[in-house]
Amino acid sequence: MAAFRQAIADGTDIIETDLHVSADGVFVCIHDETVDRTTNGSGRVEEMSLAELKKLSAFYGREEFSAEKIPALSELIEILPDDVALALEIKTDRFLESAVHQKLIKQLADARLLDRTIILSFSLDHLKAVYKTSKELHTGWITLSKLTPLRGPHMLGAFWPLLLLNPFYVKIAHSRNQAICPLDPLPDSRLWLYRILGCDAILTDDPGTTGLALRKHRGTKLLESSV
């Protein structure tokens with residue numbers, strides 16, 4: 001939550017987080033399928049209840065954040081400003097289950113967030129399952145290797161070197177009304193490139209620093225996104 005609050009304070013346009021499902025069916029914001037790397041605990045997220053997850057410190061080895069807990073999606077939604085969008089990367093095959101992705105869509109709909117949420121995944125099957133249930137949601141496909149834009153998803157998150165290997169990548173995607181957000185968590189030294197290519201959004205690990213860099217590129221269409 002400290003990272004989310006800081007991103008909002010830094011003026012981010014989009015909050016991006018990864019989603020897993022706890023043993024009791026709660027959507028939780030954590031990158032890995034286990035808690036081992038980022039908390040003081042051990043075990044698989046899907047085998048632990050929300051209450052069990054909340055007993056852990058999500059401090060990632062940084063003592064100043066020892067009070068941080070693994071947040072439920074509902075906690076992020078509660079602090080999300082009205083002018084900030086939500087990008088959710090679904091990380092598990094549980095999202096192929098109809099009951100699971102329907103529950104996610106209902107939670108977003110109840111929070112009136114369907115029109116400013118994009119569902120992200122490396123898995124096309126995950127995206128198709130969610131989009132089949134709700135055509136209101138936008139989808140974004142992340143790829144590390146495909147050199148040409150894939151038809152279908154509303155946004156493409158291509159690993160940034162792919163845009164160098166195929167300088168027509170953005171132009172082709174735009175001809176299909178697809179947005180481009182390069183997969184580049186440290187983009188500041190390449191903002192000039194993304195501006196020339198006409199990318200639509202920027203992913204960054206540090207929205208504050210990237211925001212300052214963007215303001216030096218006045219006239220650009222780039223937006224900020226935080227992880």
Within the bounds of region 95-114, is there any residue that is open to solvent by less than 30 Å² (accessible area, probe 1.4 Å) and either part of a strand (DSSP E or B) or hydroxyl-bearing (Ser, Thr, Tyr) (or both)?
no
Name the single residue, out of those in region 154-177 being closer than 28 Å to LEU113 by Cβ and open to solvent by less than 10 Å² (accessible area, probe 1.4 Å), that is nearest to the chain's Cα centre (by Cα).
GLY157
Among the numbered criteria (1) without any contact (Cβ under 8 Å) to a residue 40 or more places away in the chain; (2) in contact with a helix residue (DSSP H, G or I) (Cβ under 6 Å, 6 or more places away or on another chain); (3) under 26 Å from GLN102 (Cα atoms); (4) surrounded by 13 or more Cβ atoms within 10 Å (Cβ to Cβ), which one does ASP188 miss?
(3)
Mind listing just one residue for me: the one in region 39-56 that is open to solvent by less than 30 Å² (accessible area, probe 1.4 Å) and within 22 Å of the chain's Cα centre (by Cα) and, of those, farthest from LYS106 (Cα to Cα)?
THR39
Take region 199-216 and flag every residue that is part of a helix (DSSP H, G or I), open to solvent by 10 Å² or more (accessible area, probe 1.4 Å) and touching a Leu at 6+ places or on another chain (Cβ under 9 Å).
ALA213, LEU214
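Kindly establish whether SER134 is within 20 Å of the chain's Cα centre (by Cα), of a type in the set (S, T, N, Q) and open to solvent by 30 Å² or more (accessible area, probe 1.4 Å).
The answer is no for SER134.
Residue-by-condition table, conditions (1) in a loop (DSSP other than H, G, I, E, B); (2) under 17 Å from CYS181 (Cβ atoms); (3) hydroxyl-bearing (Ser, Thr, Tyr):
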position	(1), (2), (3)
ILE119	no, yes, no
LEU127	no, yes, no
TYR131	no, no, yes
GLY140	no, yes, no
GLY152	yes, yes, no
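Can you confirm whether ASP36 is modelled with pLDDT of 95 or more, of a type outside the set (Val, Ile, Thr) and open to solvent by 80 Å² or more (accessible area, probe 1.4 Å)? Let's see the steps before the verdict.
On the way: modelled with pLDDT of 95 or more: yes; of a type outside the set (Val, Ile, Thr): yes; open to solvent by 80 Å² or more (accessible area, probe 1.4 Å): no.
Here the answer is no, as ASP36 does not meet what is asked.
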Taking the stated definitions as given, is LYS69 farther than 18 Å from CYS181 by Cβ, at pLDDT below 95 and not small (Gly, Ala, Ser)?
no
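The values are calculated or read from the model by the stated rules, or taken from the named source; none is laboratory data. Predicted model, so just to flag it, every value in this text is computed and none were measured. Note that we place each Cβ from the backbone using ideal geometry, even for glycine, and neighbour counts take in every protein chain shown. These accessible areas exclude ligands, DNA and RNA; they are computed on the full protein's heavy atoms, side chains included. Shrake-Rupley method; radii C 1.70, N 1.55, O 1.52, S 1.80 Å.
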